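Note sheet for the following structure.
Bear in mind that the values in this text are calculations on the coordinates, not laboratory data. None of these values were measured; they are calculated from a predicted model. Note: ideal-geometry Cβ built from the backbone for every residue, glycine included; neighbour counts use all protein chains shown.
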Amino acid sequence: MFEGLRFAHWKAEIDAEGIAILTFDRSGASVNAISRAVLDELAQITERLSFEPPKGVVVRSGKANGFIAGADVHEFESFETQPGGVLGSIQYGQRVFQNFARLRCPTVAAIHGYCMGGGTELSLACRYRVATRDPKTKIGFPEVLLGIIPGWGGTARLPRLIGAPQALPIMLTGRALSAEAARTLGMVDALTSPELLLDAAKEQIRHPHARPFAQRLRAWATNIWPVRQVLAPIVRKQTAAKARPDQYPAPFALIEVWRRGGSNINQRLKIEARAVAKLAATPTCRNLMRVYFLQERLKGLGAGSDADIKRVHVVGAGVMGGDIAAWCALRGFDVTLQDREMKFVQPALDRAQELFAKRLKTPDRIKPASDRLKADVDGKGIANADLVIEAIFENLEAKQDLYKKTEPSMKPTALLATNTSSIPLDQLRTAVQKDARFLGLHYFNPVAQMPLVEIVRQDHLDTANEKHALAFCRAIDKLPVPVKGTPGFLVNRILMPYLLEAMRLFKEGVPGPVLDKAAKKFGMPMGPIELADTVGLDVCASVGKEVGEFLGLEIPDGFDALLAAGKKGKKTGEGLYKWENGKPVKPEVDPNYQAPADITERMILPMLNESVSCLHDGVVDDADLLDAGVIFGTGFAPFRGGPVQHIRSEGADKIKAQLAELAGKYGKRFEPKQGWDSPALKALAS
């Protein structure tokens, strides 16, 4: 059937039963991503299959690590330059998938590992889907995270397959499903083991099964015109509670595409393609694409080097130290956790069990992780550790004393790292004998949720050891960014002026909920008052003092009294807010209250000013790394692309003039810092 056809990315063969096996193995790539060349070859294969339909078709991956990661995002950026632009490129992919869906024989997607975006859309173009029960198998639509929506038939097919109430949240959130969850919803028809995947796919062809009547009825009933007109506004309102349409238009466009789509799939595909083309031209899409590439760059920093780390020893079983230890154990490392007494270690072990249960689900997966994490009050694990992480309280002398006691027991090749959030490493390293192996690994709270780790340099750090630390961060599934070891490093240095100015406004009488709302309207994931309580007022005071002295900023009055009363924020149940069941109880604001018009500028512009200063001082190697660090370390409005990208978009001269105006009204803390003449700020990134 395939004689005379030669493919670079697909292997097509017919087995003894007459079943066509299409194996996608993209040439020259470690993962399968769908490019124009991949689509061209699939179009040729589909045309041949339409002439001579086999008994059935199985689509599978030739990569061990996954099915299909989605469309080639790098190529997506060039769609505008291709014939027909973005719209033409999207419509071409739709045609290829639609022709495949029309084949006059059973088609089955055999899914193992990741199945994302365009990969999920290809699976939906198949009549059946079989997936492995492996924890690595994940199925989803991450397009909204890039500022677009599924464009190769995802919105046209998924609601009709499993019903709109089930389908819309999958596409609106970008969250991936496990194979079990996908099977429960009806996205997957059967589950099997990786070894039996091909056989299970063939079995679907030998004995095809109709979907349950109840599922088909639900899918039909939730997609008829009157239901769509009623349900769409409800879903839109629910979505608006989590995202603003002017900041993140993609989810709202997706709802509208589904609302307008009719019973004819060609009509639905046409509406979908036009929506993707429109979204692709928005600043949000461009910036979220940029964030994606920044993330890929951070992942790449740890590539090409062996971490050479198997055993980790953590000193300090507080919230940060205990959670760092738990995360390392979760990611497969043998970890020993040390503190003065077992009563300080046990709460960390209890939290670790909660993490393992949440992430690993089943006892057979939880137990190995639990076994990898051991209490070690006596510090015996130091001698065998490849990495020792100090995570005690923020005090220069205490940390230096610990290094003097710990280092003699360490292996000559082991790394010594501190989790300090603000103390300059050139001060800390004076107590370290082999300071070429000493560096900072600054995690963020909560460790399990925050993706960034700052790799903090000091003048004597060996570059090979820095590479080992970068590789270790990737091994524990964190995003590393190398930073200079000056006070506050990158993230806290930029974050502190924002928090301190918010505290000053709070002290001036602006209600906390008003400040939080203004910050969230700008695009921050959490308001500054709630954030300060979440981080801990004691931590804010400690870091604020260290960084504030360096930056010439003062901590507003009132902190000491709160701390003296034991009000440290969320962890004690009260700080600037009261907390119940892990949620802040925010006071009601007088509906007649009028906030000062410039509160957003007063909070946000100091962040931008300090970002420029960090770039000028070489805290990071370039502007892209700065944006990446601040986005993944603080959650800085991703749709804006980072502080530097936001400055470019708004205009550096405009923001500098705003700072000068604020300085005239409120004082020199707003004066533009050195670096505003940097070429990195002038041109809007493409």
- If one computes the Cα centroid of the range 257-272 and of the range 154-195, what distance in Å separates the two points? 19 Å
- Query: Exposure proxy check: HIS207, HIS9, HIS616 ranked by fewest other beta carbons within 10 Å?
  - Reply: HIS207, HIS616, HIS9
- Query: When the chain is fully extended, how far beyond the present Cα-Cα distance does ARG216 get from GLN427, taking 0.36 nm per residue of separation?
  - Reply: 69.3 nm
- Query: What's the extension gain from SER678 to ASP590 if we count 0.36 nm per residue and subtract their Cα-Cα distance?
  - Reply: 27.3 nm
- Message: Please report the spacing between the Cα centers of the range 607-651 and the range 390-408 in Å, no decimals.
- Response: 32 Å
- Looking at this model, which pairs from LYS237/LYS517; LYS545/LYS571; LYS361/LYS568; LYS138/LYS586; LYS242/LYS278; LYS399/LYS571 are more than 28 angstrom apart at the alpha-carbon? LYS361/LYS568; LYS138/LYS586
- Message: Full-extension gain between GLN449 and GLU580, please, as 0.36 nm times their residue separation minus the C-alpha to C-alpha distance.
- Response: 45.1 nm
- Could you name the lysines in cross-link range of LYS405, using Cα to Cα under 23 Å and dropping any fewer than eight places away on the same chain? LYS310, LYS343, LYS374, LYS380, LYS434
- Message: Can you return the aspartates and glutamates within cross-link range of LYS202? Criterion is Cα-Cα under 16 Å, with same-chain partners fewer than 8 residues away left out.
- Response: GLU13, ASP15, GLU17, ASP189
- Message: Please compute the contact order of the chain in relative form: average sequence separation of alpha-carbon pairs under 8 Å and at least six residues apart, divided by the residue count, as a percent.
- Response: 8 percent
- Could you put CYS540, CYS126 in order, starting from the residue whose Cβ has the fewest other Cβ atoms within 10 Å? CYS126, CYS540
- Within straight-line cross-link reach of LYS136, aspartates and glutamates at Cα separation under 13 Å, skipping those fewer than 8 residues along the same chain: GLU180
- Divide by every residue of the chain the summed helix terms, -39500 (n - 2.57) for each DSSP H run of at least 4, and state the resulting mean residue ellipticity at 222 nm, rounded to the nearest 500 deg cm²/dmol. -15000 deg cm²/dmol
- Taking 364-373, 138-147 and ranking on average Cβ neighbours within 10 Å, highest first, one gets 138-147, 364-373
- Item | the range 374-440: relative contact order in percent, alpha carbon pairs under 8 Å with at least 6 residues between | 37 percent
- Distance in nm between LYS358 and ALA190 label points, each 7 Å along Cα→Cβ, equals 3.7 nm
- Over the range 587-686, relative contact order from alpha-carbon pairs under 8 Å, at least 6 apart, %: 29 percent
- Task: May I ask you to sort ASP624, ASP378, ASP533 by Cβ crowding, counting other Cβ atoms within 10 Å and putting the fewest first?
- Result: ASP378, ASP624, ASP533
- Message: I'd like the chymotrypsin sites (Phe, Trp or Tyr not before Pro) in the range 545-627 restricted to DSSP loop residues with at most 16 other Cβ atoms within 10 Å, sorted by number.
- Response: TYR593
- Going by the alpha-carbon gyration tensor, a ≥ b ≥ c the square roots of its eigenvalues, is the chain rounded (a/c under 1.5) or, if a/c is not under 1.5, prolate (a/b greater than b/c) versus oblate? prolate
